[in-house]
Amino acid sequence: MKKALILTILLSIVSCKGQKKESKELVKKANTFFWESKLDKKVKVDSCLVLINQAIKIDDENFGAYEAKSTFLAYKKDIKGLLKNNEKMIQLRSKQPYWKIQRGLYLELSGEKVEAEKYYDQAILDYQNLFLEPNQNNEFNLRMEYLTALEAKGDLKKAEIELKKMSVDFPDNETLKVYKTEYKFKTKKELFEIWEKGTDE
């Protein structure tokens, strides 16, 4: 009885690993197909979503599948789909504030500004709390996310202040140098114009 139980557990583990691998392979196929196929963009996006949904069906904790699905849904400008997908992303990455910022943008695009502000504020607070942890304030990528969060919320003055602080904290960072040279913070209106135009190509 004991041996049978151990064998069952081992088979379950092997099966689970196999499913996770299959799910990841489907996501990889979807991304490759999207970027390499010469088909009409709408056809490509719909085909990729079929693959991604299958990947999620096989492994509903494959975060990469939800990330890819977010990209494809954005091409379709499917706000309802994006919100539903984002809900799962927040569930799987509850300690990463970025996905709450993303949700705030989707909510605002759908006209739910009050609810959007709640997510912006919570995400900003989450970032500030993360920066209180040892060494987190020195994490360049996290600080860049925070810049994005401030911009998405529309708090451009604080974003400018944060950018100046980062210039002091990361004086030799090449990515930051390029960012400061090439990028200008966008107003909320400009961000939404990018949303409208950016997925029509």
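Could you work out what % of the accessible surface of the range 129-197 is carbon and sulfur, using a 1.4 angstrom probe and leaving DNA, RNA and ligands out of the count?
The computed percentage sits at 53.
Between Gln19 and Phe63, 0.36 nm times their residue separation minus their Cα-Cα distance comes to what?
Gain in length upon complete extension: 14.5 nm.
Output the relative contact order of the chain, whole-number percent, from Cα pairs under 8 angstrom with separation of 6+ residues.
Relative CO of the chain lands at 13 percent.
Please report, ordered by residue number, every helix of the chain (full DSSP H runs) that is 30 Å or longer along its axis going by C-alpha atoms and whose mean Kyte-Doolittle hydropathy reaches 1.0.
The answer is none, since no helix passes both cut-offs.
Considering only Cα-Cα distances, which of the following residue pairs are longer than 31 Å: Lys20/Lys189; Lys100/Lys197; Lys38/Lys100?
Over 31 Å apart, Cα to Cα: Lys20/Lys189; Lys38/Lys100.
For the range 14-115, with all protein chains present and a 1.4 Å probe, just round the carbon and sulfur fraction of the accessible area to a whole percent.
53
Treat every Asp and Glu Cβ in the range 69-131 as -1 and every Lys and Arg Cβ as +1, leave all other atoms uncharged, and give the resulting dipole magnitude about the Cα centre to the nearest 20 debye.
With Lys and Arg at +1 and Asp and Glu at -1, about 360 debye.
Ranked from the most accessible area to the least, with a 1.4 Å probe and all protein chains present, what is the order of Lys118, Lys80, Lys41?
If we order Lys118, Lys80, Lys41 from most to least accessible, we get Lys80, Lys118, Lys41.
What 222 nm value per residue comes from the helices of the chain, counting each DSSP H run with n ≥ 4 as -39,500 (n - 2.57) and dividing by all residues, nearest 500 deg cm²/dmol?
Only helices count here, giving -26000 deg cm²/dmol.
Quick check: from the Cα gyration tensor, does the range 117-201 come out rounded (a/c under 1.5), prolate or oblate?
Cα axes put the range 117-201 in the oblate bin.
Using a 1.4 angstrom probe, figure out how much accessible area the chain has per residue, in square angstrom, rounded to the nearest whole.
65
Take the eigenvalues of the Cα gyration tensor for the range 62-158, scale each by 5, and report the square roots as semi-axes in whole Å, largest first.
Whole-Å semi-axes of the equivalent ellipsoid: 23, 16, 11.
Using mean Cβ contacts within 10 Å as the protection proxy, how do 64-73, 96-105, 25-34 order, highest first?
The peptides rank, most packed first, as 96-105, 64-73, 25-34.
How large are Rg and Dmax for the range 55-94 when only the alpha carbon atoms are used, in Å?
9.6, 26
The values are calculated or read from the model by the stated rules, or taken from the named source; none is laboratory data. Since we're looking at a predicted model, the values are computed, not measured. Cβ atoms come from the backbone with ideal geometry, glycine included; neighbour counts cover every protein chain shown. The protein model used for the area step is the full one, side chains on, heavy atoms only, and it has no ligands, DNA or RNA in it. Shrake-Rupley method; radii C 1.70, N 1.55, O 1.52, S 1.80 Å.
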